[in-house]
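Take a look at the structure set out below.
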Amino acid sequence: VTEAKSALGAVDILINNAGIIKRNDSIDFTFDEWDSVMNVNLRTLFFLSQAVAREMIAASKGGKIVNIASMLSFQGGIRVPSYTASKSGVAGLTKILANEWAKHGINVNAIAPGYFATNNTAALQADETRNTEILGRIPAGRWGKPSDLGGAAVFLSSSASDYVQGITLPVDGGWLAR
């Protein structure tokens with residue numbers, strides 16, 4: 001962060017978007033599958049947020065941190081134990097960091113995407129039965145597109161959300177409303 005600051009200026013907005021998923025029955029899940037997901041989805045998010053928050057606090061001008069959670073921050077899922085645990089952890093970290101850093105003018109919030117057409121869901125989209133089941137539950141009747149996240153990201157990164165702290169905003173085509 002310090003190197004980037006000297007080259008590019010201060011960080012005003014951090015969007016923690018890195019994430020991976022491993023699919024396997026929980027009974028067969030390995031240490032490596034667990035650790036790889038937890039390291040990318042949770043550990044990296046925490047320590048990058050910490051580094052950026054230190055810079056924001058030192059600059060005394062606040063900022064915005066937006067974490068990418070998941071609808072599995074609210075639900076259990078199937079065959080993705082480390083992903084569900086990590087994304088539930090993202091929702092929890094979003095709250096604790098908001099609680100601790102709000103006094104410094106740092107807003108910490110999260111976006112919880114539903115089913116989006118990405119490489120993480122390619123196997124589900126390709127499985128005709130699973131794809132039909134998923135689409136049957138989404139009131140919007142389609143997979144999300146990455147552009148569907150833009151409005152939420154802009155809102156949580158802008159002054160429009162200055163009094164919003166610690167929320168996890170679903171962007172899911174209505175999945176959680178079902």
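The values are calculated or read from the model by the stated rules, or taken from the named source; none is laboratory data. The structure displayed is predicted, hence computed values, not measured ones. Neighbour counts are summed over all protein chains in view; Cβ atoms, including those assigned to glycine, are modelled from backbone coordinates with ideal geometry.
Can you confirm whether residue 35 is farther than 23 Å from residue 162 by Cβ, charged (D, E, K, R) and within 19 Å of the chain's Cα centre (by Cα)? Here the answer is yes, as residue 35 does meet what is asked.
The numbered conditions (1) in contact with a helix residue (DSSP H, G or I) (Cβ under 7 Å, 6 or more places away or on another chain); (2) within 21 Å of residue 168 (Cβ to Cβ); (3) loosely packed, with under 13 Cβ neighbours inside 10 Å are all true for residue 17 except (1). Any idea which residue in the stretch 141-164 is farthest from the chain's Cα centre (by Cα), counting only those that are assigned to a loop (DSSP other than H, G, I, E, B) and under 13 Å from residue 113 (Cβ atoms)? That would be 143. For the stretch 121-142, the count of residues that are surrounded by 15 or more Cβ atoms within 10 Å (Cβ to Cβ) and under 28 Å from residue 56 (Cα atoms) is zero.
The set of residues from the stretch 87-115 being under 10 Å from the mean Cα position of the chain (by Cα), of a type outside the set (Ser, Thr, Tyr) and surrounded by 21 or more Cβ atoms within 10 Å (Cβ to Cβ) comprises 87, 90, 109, 110, 111, 112, 113.
Please verify whether the stretch 95-108 includes one or more residues that are part of a helix (DSSP H, G or I), free of Cβ contacts under 8 Å to residues at least 40 places away in the same chain and of a type in the set (S, T, N, Q). For the stretch 95-108, residues part of a helix (DSSP H, G or I), free of Cβ contacts under 8 Å to residues at least 40 places away in the same chain and of a type in the set (S, T, N, Q): absent. Please verify whether the stretch 69-86 includes one or more residues that are modelled with pLDDT of 95 or more, more than 19 Å from residue 172 (Cβ to Cβ), hydroxyl-bearing (Ser, Thr, Tyr) and more than 15 Å from the chain's Cα centre (by Cα). No, the conditions are met nowhere in the stretch 69-86.
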